[in-house]
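Working notes, beginning with the structure itself.
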Amino acid sequence: MKKSFSFFSTASLFFLFILPANVTAAVQNYDSHASIEFRSGSEFPGIVDPEKPDPNHPVYPEDPTNPNGPEQGTKGPLSIDFASSFDFGNHEISNKDQSYFARPQTYKGKDGNVTPNYVQITDDRGTGGGWVLKIKQKGQFTATEKVEYETLDGAEILLTHPKLESNSIEQRKPVPVDNIRLDPNGAESIIVAAQNGTGMGTWADHWGEIRETTETDSHRRTQVVSINDGVILEIPGTTPKSAVTYRTELVWTIADIPET
């Protein structure tokens, strides 16, 4: 049996093949959107390694002056998360001018791992408004028990060779102050200044490097110890000393008003 095609089928095929080559199907577009909103941070950011800051891998510093650990960080989106306490070791009384170096910062759960002493700041306000970090010493080193020589007259703490680290981009880096000499009478010293558009995120400011040196302790034992060479306590040889522990308090302050 022969197959046949209708006129309309043949005509449809004819017109299909003779359409101009430059004719295309109509294209129409429709736009939608994606969005995300942020607000000032309120969650504690955690404490980071000052030499390799990574908020995804927090560390847990120890406090050589407090067996219960360091103080908690301040609250709010602009915060001081941590500041080292300085331990200048155990030494034999000397009548010479002496410079004593702080012991490095130690950590829980990291046997033998130490870093320079440091302070950590976080700015999660989301404004880029700048801030300033200051420190003051609340009085001279004072004996922790009743003794003849109650204060270390003339003693001064120096913070030298600062290095600021962060996982934020370099263009937003604040400016650390070099060669800070603390005033035992309580005058404030600027540690770091973040001008407008800088200082966002988490920043760790540490001083100097870790190195080894030989010391003689108060029991006349000579030993090799690790020290932080950027945190120094200078005591004149003319300052009388008693065979006790001396302490002072350091107060760190952060404010959202940049200073120049």
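Every number here is computed from the coordinates shown, using simple stated rules; none is lab data. Everything numeric here is computed off the predicted structure, so don't read it as measured data. Here the Cβ positions follow ideal geometry from the backbone for every residue, glycine too, while neighbour counts run over all protein chains shown.
Here Lys136 is the anchor, and the aspartates and glutamates within straight C-alpha reach of less than 14 Å, apart from those fewer than 8 places off in the same chain, are Glu156, Asp183, Glu188, Glu249. Rounded to the nearest 20, the size of the Cβ-charge dipole of the chain about its Cα centre is 1340 debye, with Lys and Arg at +1 and Asp and Glu at -1. Highest mobility in the GNM of the chain, judged by mean-square fluctuation with C-alpha springs under 10 Å and restricted to Ile169, Ile191, Ile157, is found for Ile169. Taking the number of Cβ atoms within 10 Å of each Cβ as an exposure proxy, the fewest-first ranking of Ile210, Ile190, Ile135 is Ile190, Ile210, Ile135. What angle do you read, to the nearest 10 degrees and between 0 and 90, between the alpha-carbon axis of helix 7-17 and the longest principal axis of the chain? Helix 7-17 sits roughly 40 degrees off the main axis of the chain. Using C-alpha pairs under 8 Å with a sequence gap of at least 6, the mean separation divided by the residue count of region 50-90 gives a relative contact order of 30 percent.
From the alpha carbon centroid of region 77-108 to that of region 113-144 is 14 Å.
What the phi angles of region 53-60 give under the Karplus curve with 6.51, -1.76 and 1.60, with θ = phi - 60°, is a coupling list of x, 8, x, 7, 10, x, 10, 10 Hz, glycine and proline written as x. Computed over the chain, relative contact order equals 25 percent, with contacts defined as Cα pairs under 8 Å that lie 6+ residues apart. Only one of (1) 26, 23, 18; (2) 67, 21, 15; (3) 35, 26, 19 was calculated from the structure for semi-axes √(5λ) of the Cα gyration tensor in Å, and its label is (2). Residues Phe141, Phe44, arranged from fewest to most other Cβ atoms within 10 angstrom of their Cβ, appear as Phe44, Phe141. Counting 0.36 nm for each residue step from Asn29 to Lys146 and taking away their Cα separation leaves a gain of 33.7 nm. With the simple model of a label 7 Å out from the Cα in the direction of the Cβ, Thr253 to Glu215 spans 3.1 nm. Connecting C-alpha atoms closer than 10 Å in a GNM of the chain, tell me which of Arg125, Arg211, Arg220 has the biggest fluctuation. Among Arg125, Arg211, Arg220, the largest mean-square fluctuation in the Gaussian network model of the chain belongs to Arg220. About its Cα centre, region 154-198 has a charge dipole of approximately 160 debye under the convention of +1 per Lys or Arg Cβ and -1 per Asp or Glu Cβ, with nothing else charged.
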